[in-house]
1. For the range 51-66, in order, what is each residue's ³J(HN,Hα) by Karplus, 6.51 cos²θ - 1.76 cosθ + 1.60 with θ = phi - 60°, in whole Hz (x at glycine and Pro)?
2. Have a look at the DSSP beta bridges in the chain and tell me what percent are antiparallel, nearest 5.
3. Run the count for the range 3-143, please: Lys pairs, Cα-Cα under 24 angstrom, 8 or more apart or on different chains.
4. In which sequence would 139, 112 go, from the one with the fewest C-beta neighbours within 10 Å to the one with the most?
5. What net charge do the residues around residue 28 carry, taking every other residue with its C-beta under 10 Å from that of residue 28, with Lys and Arg at +1 and Asp and Glu at -1?
6. Farthest toward the dipole's positive end in the range 3-143, which of 45, 4, 67, given Cβ charges of +1 (Lys, Arg) and -1 (Asp, Glu) about the Cα centre?
7. Net charge near residue 122, counting Lys/Arg +1 and Asp/Glu -1 over other residues with Cβ under 15 Å of its Cβ?
8. Is any residue of the range 28-63 close enough, with backbone N under 12 Å, to a label point placed 7 angstrom from the Cα of residue 95 along the Cα-Cβ axis, and if so, which?
Amino acid sequence: MNCQSIETVLGGEFPKKVIPLIQESKQSIKIIVFDWRWYPVDPGCACQQFNNAIIAAKKRHVEVSVLTNCNDVLNILRREGIVVRKPLSRRLLHSKLLIVDDLHLVIGSHNYTQNAFTSNFEASVILRDCDDLKQFISYFNSLCR
């Protein structure tokens, strides 16, 4: 894979490194994630800051599309006008990836939960301007049919 840059994202670095990508998004955010939680009673926690960045991107007219297993989050995002889907297959959706503006790919083990953002042993990477990014976009599109 030929990328302009590859940045490691270990453990609690996820919100510090990924939220700015979301805040700088201009056109689109595509998300596939196994587990995603919402923390309305703890708006200052890292995961809720991530959640709020996603909502703010939608309000800036960034096209946000999500595929996840989590019914509660699906309902919240739908109310915000975000295109959300749940897999229709019996196969387990276990991928975790986020594509920003079809230029940047965040992929790895992080779910979108407070534990993943603060206490779990997690490892992900941010790949920027990769030749193979079109394959991940096609993968996303194939799962959203």
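A short reminder: the numbers here are calculations on the coordinates, not readings from a lab. Quantities reported herein were computed from a predicted structural model and do not represent experimental measurements. Positions of Cβ are generated from backbone atoms using ideal geometry, with glycine treated the same way; all protein chains shown enter the neighbour counts.
1. Rounded to whole hertz, the list is 4, 5, 5, 5, 4, 5, 4, 4, 5, 8, 6, 7, 6, 10, 10, 9.
2. Percent antiparallel among DSSP bridges in the chain is about 65.
3. 28
4. Taking fewest neighbouring Cβ atoms as first place, the list is 139, 112.
5. -1
6. 67
7. Summing Lys and Arg as +1 and Asp and Glu as -1 gives +1.
8. 30-34
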